[in-house]
Amino acid sequence: MALTISLLNMKGGVGKTTLAVNLAWHFYQNESANVLLVDLDPQFNSTQYVMNYAAFDSHRKKFGTLTNLLVDQPTLNLKDTKLKKNPASALYNVRKVKGRQFDLLPAELSLAWVVKNPAQMEHRLEKLLEKFRDKYDYIFIDCAPTDSVLTTMALTASDFVLIPMRPDRFSILGFTNLMETIKIFRTNCPDPHLVKVSGVAFTQVIGKSTVEAQSILEIKAVAKTEGIYLFDSQLSFSKSFFRSVAEQTPIFNTAFTHPKSRFAIAKIAAELKQQIAVLTAPPPAKQPVENAKKGTKP
């Protein structure tokens, strides 16, 4: 049964897609896991990261995308009718070797229809992913940077949330808003997976600015107040990520990548697994209280 992890931040431009795609690649390639990457963002950057335009256009026309699976069109054409009966046909195989696979559930701009028509959409992603859970070890959801029904859908379908965060002054307010959104969700919505926040992972870290260092200290203070774990591992800013997107390869397979960037994803992945183990560990057994001796006053 797959562990489902949403990468979520209400602020755009924080490296969320970069981290989602590279974590998916890491678990597939380096940990021999079956992985599904779900693009739940109308900007569909994860889709463009692993598919070139020709492959995307062909797949969209022939097999459809996440939009076709979530949205009930008034008039279904033959493709949509077949897709509703066999949702797995919308999956795009990124790589398959030696009995394991890395698949993508692609998105497109028309996924924005869900935001404009949110009625009764909250559980649709959860119900859809239930059809795939037995097939994968990990499902990563790249979420849209908005507080919308798409966020509710992701939280409802997820076991864990990972928060990528760029260390700047704008991120602090975004972090507090995100935690408020998660609290409201837990209060108001049925949560079958009891979604847990695995922590905050800093991305696009430059490491040479006093303003950045001060922002990190302030975010650490907010995380401590909220009781949220802060990852020791960080994703530093690197121009190699631009080459990674252009070559449609994970950063650790991209030419001329600095070793620090090459190994960063593995370190974040190891810490993520460690946090999942901590969050899912059973509570310690209560120690039996010795009965008071007969005749002794309490």
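Return the sequence-ordered ³J(HN,Hα) values of the stretch 15-31 in whole Hz as given by the Karplus equation 6.51 cos²θ - 1.76 cosθ + 1.60 applied to θ = phi - 60°, using x for Gly and Pro.
So the J values, rounded to whole Hz, are x, 4, 5, 4, 5, 4, 5, 6, 5, 4, 4, 4, 5, 6, 7, 9, 10.
Just to verify a number: FRET efficiency for residue 62 and residue 130, C-beta to C-beta distance, R0 = 35 Å, to 0.05?
It comes to 0.90.
Taking every eigenvalue of the Cα gyration tensor of the chain, multiplying by 5 and rooting it, what semi-axes result, largest first, whole Å?
In descending order the semi-axes read 34, 26, 20 Å.
For 133, 169, write out the residues from largest to smallest accessible area, computed with a 1.4 angstrom probe and no ligands counted.
Listed by decreasing accessible area, they come as 169, 133.
I'd like the distance between the alpha-carbon centres of the stretch 204-230 and the stretch 234-250, rounded to an integer number of Å.
The stretch 204-230 and the stretch 234-250 have Cα centres spaced 23 Å from each other.
In nm, to one decimal, how far is the residue 88 label point from the residue 194 one, both placed 7 Å along Cα→Cβ?
For residue 88 paired with residue 194, the spin-label model returns 3.0 nm.
Is the C-alpha gyration tensor of the stretch 33-162 telling us rounded, prolate or oblate? Criteria: a/c under 1.5 is rounded; beyond that, a/b larger than b/c is prolate, otherwise oblate.
On the way: a/c = 1.40, a/b = 1.11, b/c = 1.26.
Since a/c stays below 1.5, the shape of the stretch 33-162 is classed as rounded.
How high is the relative contact order of the chain, given as a whole-number percent (alpha carbon pairs under 8 Å, six or more residues apart)?
Relative contact order of the chain: 24 percent.
How would 69, 83 rank on accessible area, largest to smallest, probe 1.4 Å?
Result, largest first: 69, 83.
What accessible area, in Å² to the nearest ten, does a 1.4 Å probe give for residue 210?
120
Could you work out the helix-only [θ] at 222 nm for the chain, with each DSSP H run of four or more residues adding -39,500 (n - 2.57) and the total divided by the number of residues, to the nearest 500 deg cm²/dmol?
Mean residue ellipticity at 222 nm (helix-derived): -13500 deg cm²/dmol.
Could you state how much accessible area residue 189 has, in square angstrom rounded to the nearest 10, with a 1.4 Å probe and all protein chains kept in place?
Probe radius 1.4 Å; accessible area of residue 189 about 40 Å².
Long-range amide H contacts for residue 33: which residues qualify at under 5 Å (H placed 1.01 Å from N, peptide plane, sequence gap of 5 or more or a different chain)?
Placed amide hydrogens put 28 under 5 Å from residue 33.
Just subtract the alpha-carbon distance of residue 172 and residue 237 from 0.36 nm times their residue separation and send over the number in nm, one decimal.
21.5 nm
The values are calculated or read from the model by the stated rules, or taken from the named source; none is laboratory data. Remember, it's a predicted structure, so these values are computed and weren't measured experimentally. Quick reminder, even Gly has a Cβ in these numbers, built from the backbone with ideal geometry, and neighbours come from all protein chains shown. Quick note on the areas: whole protein, heavy atoms, side chains included, nothing else; ligands and nucleic acids left out. Shrake-Rupley method; radii C 1.70, N 1.55, O 1.52, S 1.80 Å.
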